[in-house]
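Before I ask anything, let me first share the structure, which is written out below as C-alpha cells.
The values are calculated or read from the model by the stated rules, or taken from the named source; none is laboratory data. On a predicted model such as this, the values are computed, not experimentally measured, just so you know. As a convention, Cβ positions derive from the backbone with ideal geometry for all residues, glycine included, and neighbour counts pool all protein chains shown. Surface areas here come from the heavy atoms of the whole protein model, side chains and all, with no ligands, DNA or RNA. Shrake-Rupley method; radii C 1.70, N 1.55, O 1.52, S 1.80 Å.
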Amino acid sequence: MDKFSGQKSAVQYLYPPIEPFDRCMLDVGDGHEVYVEQSGRTDGVPVVVLHGGPGGGCSPAMRRYFDPNVYRIILFDQRGCGRSKPHASVEANTTWDLVADIERIRKTLKIDDWIVFGGSWGATLALVYAQAHPGPVRHLVLRGVFTMTQAELDWFYGGGAGRFWPETWARFCELIPEDERDDMIAAYHRRLFSGNRLEEIRHAKAWSAWENALATVHSNGATIDSPAEYAHAFARLENHYFLNGGFLERDGQIHEDMHKIAHIPGTIVQGRYDMICPPASAWRLAQHWPKASLRMIPVAGHALSEPGISSELVKVMNRLGRGG
C-alpha cells in the first residue's frame, strides 16, 4: 500500500517532482498490456523500479528517489493493476509472467544492464528476477524484504501481527465467519472472486485496510478507505499470489537459490519495526548473500515513505550513481 502511506512525511529527502519523457503501453501477450514510463536522463544509469503488492501499482513519488540528472528511471505497473490492462485480472498473471515482462521491458528499451530497485513484494520480484536472469542485474536495492515464505504469510494473515494490533485484526476478521478463520487467505479468496461486485469491493477494502493500517511505525491502527478500483485490483492480485505461494516451486526457494546471485552486489534497507515484513527475513537474506549490505533503520516500519527509509534509499542511490 505504499501508494497511499503518508508520502509527504519523506518529501524533504526526495528529488523534486518530474514528468516522464516517455510513456507507452507494452503488449506483453496473454491479453495483457503493461504501462511503462521513463523519466530522468535518456542516457542515464538505468534503474527499474518494482512496486509492491502484488497489485500496488507505481506512483509519481517513486521517480523521486533518483537523481534525474544521473538516472534513467523506468517504472511500470505490473499485470492487472495501475494503468495496465485488463484491470484486476488474474488470468495469465503469475510471478513468472512478471519476470518475463521485466525482461521484455529491458529488451524493448535496449538496456544491457540495470539496477533493480524494489520494496516489499517488489523485493520478492527483484530477487526472483535476478535469480532467473542474473546477467543484466548490476545491483539490487531492496526495501522491506519479503521472501514469500509460508512463515511470512502466517505472520501477517495467521494472527502474528494481530497480536500487536488486536483491534485492527478483529476488524479484518469480522467479515469472515468464525469457522473459516483458520485460513484467512482462502476465506477472503472466496469473497474476492465471488462474482458479486459489491461483495468483492467490500472485502477488497477490508483486505487493503488491514495492510495499510500497519504500514508505518507511527500507525495508530486506524484504517483508510481506499478507492474501490484500487482496492479491488490490489486485494484480488495480492490474494491470488499469496494463495498460490507466489507461484514458487517450493517454500523457502528464494533463500535456497541465493547462490545464483551471490556475485551480485546488493543493499537492503529495512525498518526495524516493520510489522508487515519483520526484519528477520532481511537478516536471514543477508546471511546468504556475501555481497549484500544490510541497513537496519532504527525507528521505521514498512512503508517506502518512512522518513528514515526514504533518506537511506536516496543516499544509497546517490552513492551508486557516483559509481560507489
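I'd like to check something: does region 73-84 contain any residue that is farther than 25 Å from residue 302 by Cβ, surrounded by fewer than 24 Cβ atoms within 10 Å (Cβ to Cβ) and of a type in the set (D, E, K, R)? Full working, then the answer.
Taking region 73-84 first, the residues farther than 25 Å from residue 302 by Cβ are none.
Among the residues of region 73-84, not one is farther than 25 Å from residue 302 by Cβ, surrounded by fewer than 24 Cβ atoms within 10 Å (Cβ to Cβ) and of a type in the set (D, E, K, R), which makes the answer no.
Here is a further query. Here are some conditions: (1) farther than 30 Å from residue 273 by Cα; (2) in a helix (DSSP H, G or I); (3) of a type in the set (Asp, Glu); (4) touching a residue at least 24 places away in the same chain (Cβ under 8 Å). Residue 91 meets all but one. Which one does it not meet?
Single failed check for residue 91: (2).
Only residues that are within 18 Å of the chain's Cα centre (by Cα) and at positive phi: list them for region 132-180, please.
Listed by number, the residues that qualify are 144, 148.
Let me ask you something else. What tally of residues in region 16-43 results from selecting those that are crowded, with 18+ Cβ neighbours inside 10 Å and either more than 21 Å from residue 130 (Cα to Cα) or in contact with an Asp or Glu (Cβ under 7 Å, 6 or more places away or on another chain) (or both)?
Quick first cut of region 16-43, residues crowded, with 18+ Cβ neighbours inside 10 Å only: 28, 32, 34-40.
Retained after the next criterion (residues that are either more than 21 Å from residue 130 (Cα to Cα) or in contact with an Asp or Glu (Cβ under 7 Å, 6 or more places away or on another chain) (or both)): 28, 32, 34-35, 37-40.
Of the residues in region 16-43, 8 are crowded, with 18+ Cβ neighbours inside 10 Å and either more than 21 Å from residue 130 (Cα to Cα) or in contact with an Asp or Glu (Cβ under 7 Å, 6 or more places away or on another chain) (or both).
Quick one: is residue 5 closer than 20 Å to residue 234 by Cβ and modelled with pLDDT of 95 or more? Please lay out each step first, then the result.
Working: closer than 20 Å to residue 234 by Cβ: yes; modelled with pLDDT of 95 or more: no.
For residue 5, the condition - closer than 20 Å to residue 234 by Cβ and modelled with pLDDT of 95 or more - is not met.
Also, quick follow-up: Which ranges mark the helices (runs of 4 or more DSSP H) fully within region 226-324 that have 1 or more residues being under 24 Å from residue 162 (Cα atoms), touching a residue at least 40 places away in the same chain (Cβ under 8 Å) and open to solvent by 10 Å² or more (accessible area, probe 1.4 Å)? Show your work before the answer.
Details: elements: 228-243, 253-256, 279-287, 307-321.
Hits in region 226-324: 228-243, 279-287.
Here's a follow-up. Could you count how many residues in region 70-80 are touching a Cys at 6+ places or on another chain (Cβ under 9 Å) and of a type in the set (A, V, I, L, M, F, W, C)?
Step one: of region 70-80, the residues touching a Cys at 6+ places or on another chain (Cβ under 9 Å) are 75-78.
Checking which are of a type in the set (A, V, I, L, M, F, W, C) leaves us with 75-76.
Selection size over region 70-80: 2.
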